[in-house]
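Report on the structure given below.
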Amino acid sequence: MPIARLSDLADSSLAPRLVIKVGSALLVGPEGVRRAWITQLVAEIAEARGRGQDVIVVSSGAIALGAATLGLEKGGRGSLADAQASAAVGQIALSGLWAELLGAHGITAAQMLLTLEDLEDRRRYLNVTATLTRLLDAGAVPVINENDSVATQEIRFGDNDRLAARVAQAAQASAVVLLSDIDGLYDRHPKLPGAKMIPVVAGVTAEVRAMASTESNSGMGSGGMVSKLQAAEIAELAGICLVIGNGQHERPVARIVGAKDREGIGTLFVPRRKAAARKAWLGGRLRLKGEIVVDDGAAAALGRGSSLLAKGITAVEGVFSRGDPVAIVDGAGKVLAHGLSEYDAAECAAIVGLHSSEQEQVLGYSPRSAVVHRDQMVLK
């Protein structure tokens, strides 16, 4: 039976493995580390473990902690160099804090620092999966953060919402709980009159995306509602539920999950589909090497489950090699699918609009069955 309501998150038979993401503003306040709050959250993690649930923590806060130690302005985000230096200092304090507080409950903490490439490269992604599985089997709680001391703007997630969703994919988790500074998703900006929180969302649609706000109330984190919806889409591909809830309260997980006599407070995103493991990984990729533009006929064929043929391509953008991930878009720029190209960009451009019978003369060899095969493609 799938997860259908927030209280199901406390049922180890329905949610045997949870990923809990903690934002910077929840961990670090104006006076420094919010130790009392973190202690309560750790107690909730211990309770979940007592119910038979595995827990993975995705923890922000390293940059904020390091900036306070180094005395850097703007929370350490004034420049890339400041952020990298702050992360290098703050990560020691952050991992030590989690290890100490989890250790008080007899739980071993394990630190993992990941970059975007660790989860975008298929081989490294599988290595992450193997490490997480072994740690959980051994009874540890992995505490994960982006490796901000080496990440640059071009090779970083930029927010831990999407990192949490990708980690959940890799760990084959049941649900992701994003502890944030807002109760959930509202049908309009929550500051507007009449704004209503939506308790359950069945899939992220265009209408749902229109409700998102890019603002983060704290000014300390890097993820607004847009990044949370992107995280929900990544989780959905793997059949994983995602919850947005307010972490600013005591025992925040209990408030979100609720109880038999009390409804939880938060927004539960219930997936409409579940892609195969490789397609879920492919569809959740954040870095694509190029775009292939298709006509209306090809767009319709993709929707019916067909592979992408050169005949339906109208343009090729970007520089990519065979096997690189690309976006397939329609003439209006709407992303239809992600897939792995069977040709490099120059070859794709050379066979745009050609039938298979015409391609060999251009390529100098027998053409492949498709430009992007349906087995290497996931529809968006």
**Study point:** Amide H within-cut-off set for Val55, under 5 Å, with H built and near neighbours excluded
**Key:** Leu18
Study note, to complete from the structure: For the stretch 194-205, in residue order, the Karplus 3J(HN,Hα) values (coefficients 6.51, -1.76, 1.60; θ = phi - 60°; whole Hz; Gly and Pro = x) are x, 5, 10, 7, 9, x, 9, 10, 9, x, 8, 9
**Study point:** Paramagnetic reach from Lys334 in the stretch 358-380 [backbone N under 14 Å; point 7 Å along Cα→Cβ]
**Key:** 380
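State which helices in the chain qualify, where a helix is a whole DSSP H run, it must extend 27 Å or more along its own axis by its Cα atoms, and its mean Kyte-Doolittle hydropathy must be at least -0.5. Please list the in-between numbers first.
Details: long enough: 80-103 (33 Å, 0.94).
Those that clear 27 Å and a mean of -0.5 are 80-103.
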Exercise for review: Report, to two decimal places, the Cα Rg of the stretch 79-214 normalised by 2.2 N^0.38 Å (N = number of residues).
Suggested key: 1.24
Review point. Just Ala62, Ala202, Ala170 to compare: in a GNM of the chain, with alpha carbon springs under 10 Å, which one fluctuates most?
Key: Ala202
Revision key, fill the gap. Sorted by chain and then number, the residues having a modelled amide H within less than 5 Å of the amide H of Leu242, at least 5 places away or on another chain, are Val176, Phe269
Practice item. Rounded to the nearest Å, what's the spacing between the alpha carbon centres of the stretch 10-41 and the stretch 75-147? Just the number, please. Key: 15 Å
Revision key, fill the gap. Measuring from its Cα centre, the chain shows a charge dipole (+1 at each Lys and Arg Cβ, -1 at each Asp and Glu Cβ) which, in debye to the nearest 20, is 760 debye
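Below 8 Å, C-alpha to C-alpha, sequence gap of six or more: please give me the relative contact order for the stretch 308-380 in percent. Mind showing how you got there, number by number?
Working: 118 pairs, mean separation 29.4, N = 73.
So the answer I get is 40 percent.
Considering all alpha-carbon pairs of the stretch 288-379, what whole percent are spaced by more than 19 angstrom?
Working: 1160 of 4186 pairs.
The answer is 28 percent, as a whole percent.
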Exercise for review: With runs of 4+ DSSP H residues as the only contributors, calculate the mean residue ellipticity of the chain at 222 nm using -39,500 (n - 2.57) per run, divided by the residue total and rounded to the nearest 500.
Suggested key: -10500 deg cm²/dmol
Review point. Amide H neighbours of Thr314 under 5 Å, counting only residues 5+ apart in sequence or on other chains, H built in-plane at 1.01 Å?
Key: Val293, Val294, Asp295
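Expressed as a rounded percentage, what relative contact order does the chain have, with Cα pairs under 8 Å and six or more residues apart?
Numbers: 806 pairs, mean separation 54.8, N = 380.
Once divided by the residue count of the chain, the mean separation gives 14 percent.
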Check your understanding: With the Cα gyration tensor of the stretch 6-280 giving a ≥ b ≥ c as the square roots of its eigenvalues, does the rule (a/c under 1.5 for rounded; else a/b larger than b/c for prolate; else oblate) give rounded, prolate or oblate?
Key -> rounded
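Do the alpha carbons of any pairs in Lys191/Lys279; Lys191/Lys334; Lys228/Lys334; Lys74/Lys380; Lys191/Lys380 sit beyond 28 Å of each other, and which pairs?
Over 28 Å apart, Cα to Cα: Lys191/Lys279; Lys191/Lys334; Lys74/Lys380; Lys191/Lys380.
Taken together, the values in this text are just the output of simple stated rules run on the coordinates, not laboratory data. The shown structure was predicted, so the numbers you read here are calculated from the model rather than taken from an experiment. Quick reminder, even Gly has a Cβ in these numbers, built from the backbone with ideal geometry, and neighbours come from all protein chains shown.
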